[in-house]
Amino acid sequence: MSSLQKTGFDKVALVAPVSIPYTKISDKSAHYFFGRSLKELTLQANIHKDHIDGIAVSSFTLLPDTVISLTEYFDMSPTWIEQVSLGGASGVVAMQRAARAVQMGDANIIACIGADTNKKEGFKELVENFSSFSSEATYPYGAAGPNGVFSLITQNYMDKFDLSRKDFAKICLDQRQNAQHYENALLKTKLTLEDYLEARHIAGPLHLFDCVMPCAGAEAFLVMSVDKAIELDVPFVEIAGIEERYNAYSTDPVQYRGGWSIFANHLFESAHLARSDIDLLYTYDDYPVISMMQIEDLGFCDKGKAAEFVKNQDLTFDSPGLVHNSSGGQLSCGQAGSAAGYMGIVEAIRQLTNSALGNQVSRPFTALISGYGMVNYDRGLCSVGSILKAGARL
Amino acid sequence: MFGRLHSQSRSKVMTYTISLPTCDSCNAVQYPSREICRNCFSENITHKDTDASGILLAHSTIGHSLHNQFSTPAGWPIATVQLNKGTVLIVHLFDSAMTTGAKIRLQSLMDPDGRRVFIALPLSMKAISWEDLIKERMK
Ligand SMILES: [Zn+2]
C-alpha cells in the first residue's frame, strides 16, 4: 500500500467535554442520553442548540433510529450529519470526520456524541446479533459474547509471551485507583491483587475484574475551529494527529497485534512528538490484554513486553510519569456501549483544559487516545489513534 | 449448513473430512460462509470436503454463558483451531484438558437449535452426537 501524505488537523479545536454519569441499567432510550449530552454541550460552550450545525453520533441501542431521527427528535436542522458505528474506535473516527468537516467549511460547530442505554436483557440481544459472522460462527460456541473471543485472545497471548493471570492485574488495579478519584466512576471499591486473582471465573483466563460492566451513559464533545473556540471564550484542545487502520494482520490466526503498529511511527512524526513526550495515554480497555496490545503496538515498549512495562511504573493519575486511563477507564467506570469509544477523548479534553472531575493530572500537555473495536468474528477490526495537545491561544 | 462428517478408509488409516464452503474459481475456503468469494469475488461457492485435522491454537472454558444449554457444571470448553490447510475456526472443544499445540480433528454435529456446528476432538476419538456430549458434560 502506498504511503499517504495526509493534511494535518491545524486550527481545529475540541471543547466542552461532557460525561453523562453511567447507570448499570436504565429504562430510558438512547435518545434520552443524546438529549442530555446536547443540553450539557450547549451549557458548557454557552451556545444555543441552533448554533450546532453538525452532529456525529455513535450508538448500538439507537436502532431502529439513526442520527437523522435525532434531528427531528430535538428540533435541529444541521447542515452536516454523520453516524459512526465502529464501537471502541467510534470516538476517534467521529472526531476525525468532524475535524475535516470543520476544516472544509461544511459545518461550524459539530457535536460528537457516543451514547447508549442498557435495558434489562439488552446486552444479550446486542451480543446475539452483533454481526452476521458472529451469529453464525462464534455465538453458537458457548454464547459467551465478547468474553468468549477475548478469553481465546488472552490465552493465546499468555502462551505466546509466557505470561500468567497475575501479569494482567496491574492495569486493572491502577485504573481502579484512578476511579476512586473520578466523580463518575461506577466501580470505586479498592481492588487488591488478591481480590483480582480470586474473582469469579468468567471464561478461560478471564475473571470478573478483567471484564467491563455493561451500563448506560454518554460521552460527548464539540468540534469547531480554534478561532470559534476563542470567540466563544471556551478552553480548548487541539489535534496533533489521527491515524486509522482496519482489518490489519488478517492472516494472524489469533489476534495478538493490531493496526497501531503500522501507523504509530507516522502518528508521532506527524505530531512532532516522541513517545516520551506523551503525558496521558488512553487505551481502549475492554480487556487488559487489549490495553497491553495497544501499549506495545504504539511503541511504548517492545512486542510482548507490556506486562513488564506496566509492572515497572506507576500508571495512576498522580504519578509523575506516563498516566494511563486517568478516570479508571471502562474497567472501573463501566462500558456504556458506544460511549466507551469516546471516553478517552472526553477525559483527555478535561485533563488538558485543567477541568478534571477530582482526578486532575499535574500540568499535562499531551494525550494519546487509542481506539479498538468491532469483533465482527474472532478479532477487533478497527485500530485508531490520535494525539491531542493543550490548546494554544495566539 | 457446513456439510457432513466423512470418514474414508485409505489403507487402514482413517482420514476425516469436513465440508466447508469453497470457491470454485480460486479454491479459497469461505469461513464464516460467504455468498461471494472473499478472494476473487466469484459467486460460485460450493461445499467441498477438506481434511478435518489441525491443531489447537487457543482454548478456553466458558464459565458464564448467555444461553442455558452451555451452563454445565465444569463450564463449556471452546477453542480456536487451525486446520492443516490453514482455515481458522472457533469451535466446541471436547476435552478441556487439551491445550495449545494439541493435534485435533473436527467433526460436525447438529446442536439443539438445529445448527450444524463443529467440535474439536482428540485425533483418536470416534464421532459423537450432541446427546453424547451433554451426557459427558453433565457428569
Ligand atoms: Zn475465489
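Return the percentage of antiparallel bridges among DSSP beta bridges fully within the protein assembly as shown, rounded to the nearest 5 %. Could you put the intermediate results ahead of the total?
Working: 74 of 91 bridges.
Percentage antiparallel, nearest 5: 80.
So what's the convex hull volume per residue for the Cα atoms of chain A, in Å³?
Once divided by residue count, the hull of chain A is 130 Å³.
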Heavy-atom accessible area, 1.4 Å probe, ligands and nucleic acids excluded: residues of the range A:199-238 down by at least 40 Å² from chain alone: A:Ile202
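Based on the Cα atoms of the range A:42-187, what semi-axes does the equivalent ellipsoid have, where each is the square root of 5 times one gyration tensor eigenvalue, given in whole Å with the largest first?
Values: eigenvalues 249, 91, 50 Å².
Computed over the range A:42-187, the values are 35, 21, 16 Å.
Report in % the part of the accessible area of chain A that belongs to carbon and sulfur, leaving out ligands and nucleic acids; probe 1.4 Å.
Numbers: 7430 of 15070 Å².
So the carbon and sulfur contribution to the accessible surface is 49 percent.
From Cα pairs below 8 angstrom and at least 6 apart in sequence, can you work out the relative contact order of chain A, rounded to a whole percent? Walk me through the numbers on the way to the answer.
Working: 904 pairs, mean separation 105.3, N = 394.
Relative contact order of chain A: 27 percent.
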Anchor A:Lys228: lysines whose Cα lies under 23 Å away (excluding residues fewer than 8 positions away in-chain): A:Lys11, A:Lys39, A:Lys49, A:Lys389
For B:Lys48, distant residues with modelled amide H under 5 Å away: B:Leu20, B:Thr22
Accessible surface of A:Leu273 - all protein chains present, 1.4 Å probe, nearest 10 Å²: 40
Residues whose placed amide H lies under 5 Å from that of A:Ala240, excluding near-sequence neighbours: A:Ile387, A:Leu388, A:Lys389
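Can you pull the percent of the range B:5-137's accessible area that's carbon plus sulfur, 1.4 Å probe, other chains left in place?
Details: 3120 of 6340 Å².
So the carbon and sulfur contribution to the accessible surface is 49 percent.
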Solvent-accessible area buried by B and A, counting both chains, probe 1.4 angstrom, square angstrom: 2500
Solvent-accessible area per residue for chain B (1.4 angstrom probe, square angstrom): 50
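Show me the helices of chain A, taken as full DSSP H stretches, that run 27 Å or more along their long axis by Cα and average -1.0 or above in Kyte-Doolittle hydropathy. Walk me through the intermediate numbers first.
Working: long enough: none.
Span-like helices here: none at all.
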Shielded by partner chains, the range A:122-161 residues - at least 50 Å² of accessible area, 1.4 Å probe, vs chain alone: A:Phe133, A:Glu136, A:Pro140, A:Tyr141, A:Gly142, A:Ala143, A:Leu152
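Can you give the accessible area per residue of chain A, in Å², using a 1.4 Å probe?
Details: 15070 Å² over 394 residues.
Dividing the accessible area of chain A by its residue count gives 38 Å².
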Straight-distance crosslink candidates among lysines, where the alpha carbon sits under 24 Å from A:Lys160 and sequence neighbours closer than 8 are dropped: A:Lys170, A:Lys303, A:Lys305, A:Lys311, B:Lys85, B:Lys103
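How big is D, in µm² s⁻¹, for the range B:5-137 by Stokes-Einstein at 4 °C and 1.567 mPa s if Rh is the Kirkwood radius over C-alpha pairs? Could the numbers behind the result be given before it?
Numbers: Rh = 15.8 Å.
Reported coefficient: 82 µm²/s.
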Accessible-area value, A:Ile230, 1.4 Å probe, nucleic acids and ligands omitted, Å²: 60
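The values are calculated or read from the model by the stated rules, or taken from the named source; none is laboratory data. Keep in mind that this is a model prediction, so the values were computed, not measured. Remember, those area values only see protein heavy atoms, side chains included, never the ligands or the DNA or RNA. Shrake-Rupley method; radii C 1.70, N 1.55, O 1.52, S 1.80 Å.
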